[in-house]
Amino acid sequence: MKERFKDMNNKLLFFVLLGVLIGIIVYAGTVTAIKATDTGEFCSSCHVMGTVYEAFTQSPHARLDCNDCHAPTDNVVNKMAFKARAGIGHIYMNTIGASQIPDVLHATDDSVDVINQNCISCHQYTIDNVAHDSKGTCIDCHRHVPHGLGIFKTSDWHLKLNIDAAK
């Protein structure tokens, strides 16, 4: 009887340890995948993002990951849900819907809200100390940050915007 009990304990211990090992591997893989899919290198792997990524790498925001701006940063659950929805849309558009990709990409309404919140969370001090007389979102005025319509210096953005406004 003791022999049988010992065999059962050994089997149970084996399956518990196997489950823990599998859990660690799945957790490590998931964390690695989540981090990798936040990066500019991952996002630029779709050919439509090449120019956008090139401009981004030349911007003052280049030290950030794409999802520091493009996904919610308030909590992990919101970020993962947003990334899952966006990822499904991106997979569809880059496979079945490739013929529907517009020449110029624009943020969706949901993305605009997220981007605006992330701008404010990083730049709150500036917003508090610089007059902002416009209404709307940050990208209403700062549409070219950090991607630009090519690769611009900050002074070029303001120069171009001022020239456009004068027309």
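The values are calculated or read from the model by the stated rules, or taken from the named source; none is laboratory data. Quick caveat: nothing in here was measured; it's all calculated off a predicted structure. All Cβ positions, even for glycine, are placed from backbone atoms using ideal geometry, and neighbour counts span all protein chains on display.
Give the stretch 88-126 a look and list any residue that's more than 24 Å from residue 47 (Cβ to Cβ), surrounded by fewer than 16 Cβ atoms within 10 Å (Cβ to Cβ) and of a type in the set (A, V, I, L, M, F, W, C), or say none.
120, 122
Write out, first by first residue and then by second, each pair whose Cβ atoms fall under 6 Å of each other, whose residues are 6+ apart or on separate chains, and whose first residue, in the stretch 129-149, is assigned by TED's automatic domain parsing to the domain that holds residue 105 while the second is of a type in the set (Phe, Trp, Tyr).
144/157; 146/56; 147/56
Report, ordered by the first and then the second residue, all pairs with beta carbons closer than 6 Å, sequence separation of six or more or different chains, a first member in the stretch 79-100 that is polar (S, T, N, Q), and a second member that is outside any helix (DSSP H, G or I).
From residues that are polar (S, T, N, Q), the pairs are 94/46.
Which one is farthest from the chain's Cα centre (by Cα), of the residues in the stretch 68-87 that are of a type outside the set (A, V, I, L, M, F, W, C), surrounded by 11 or more Cβ atoms within 10 Å (Cβ to Cβ) and not in a helix (DSSP H, G or I)?
74
Return the only residue of 86, 107, 62 being touching a Pro at 6+ places or on another chain (Cβ under 8 Å) and at pLDDT below 95.
62
Could you run through the stretch 1-57 and say how many residues are assigned to a helix (DSSP H, G or I), in contact with a Gly (Cβ under 8 Å, 6 or more places away or on another chain) and in contact (Cβ under 8 Å) with a residue 24 or more places away in the chain?
Residues meeting the conditions: 3.
Kindly indicate whether residue 44 is among the polar types (S, T, N, Q) and touching a helix residue (DSSP H, G or I) at 6+ places or on another chain (Cβ under 6 Å).
Yes.
Hey, among the residues in the stretch 127-147 that are in a helix (DSSP H, G or I) and among the aliphatic types (A, V, I, L, M), which one's nearest to the chain's Cα centre (by Cα)?
Going through the qualifying residues, I end up with 139.
Just to check your reading of the model, which residue among 99, 121 is among the hydroxyl-bearing types (Ser, Thr, Tyr), assigned to a helix (DSSP H, G or I) and under 23 Å from residue 142 (Cβ atoms)? Please lay out each step first, then the result.
Numbers: 99 fails: under 23 Å from residue 142 (Cβ atoms).
The match here is 121.
Taking the residues in the stretch 47-63 that are hydrophobic (A, V, I, L, M, F, W, C) and more than 22 Å from residue 109 (Cα to Cα) as candidates, determine which candidate is surrounded by the fewest Cβ atoms within 10 Å (Cβ to Cβ).
Narrowing the stretch 47-63 to residues hydrophobic (A, V, I, L, M, F, W, C): 48-49, 52, 55-56, 62.
Keeping just the survivors that are more than 22 Å from residue 109 (Cα to Cα) gives 55, 62.
Working: 55: 18, 62: 12.
Among those that are hydrophobic (A, V, I, L, M, F, W, C) and more than 22 Å from residue 109 (Cα to Cα), it is 62.
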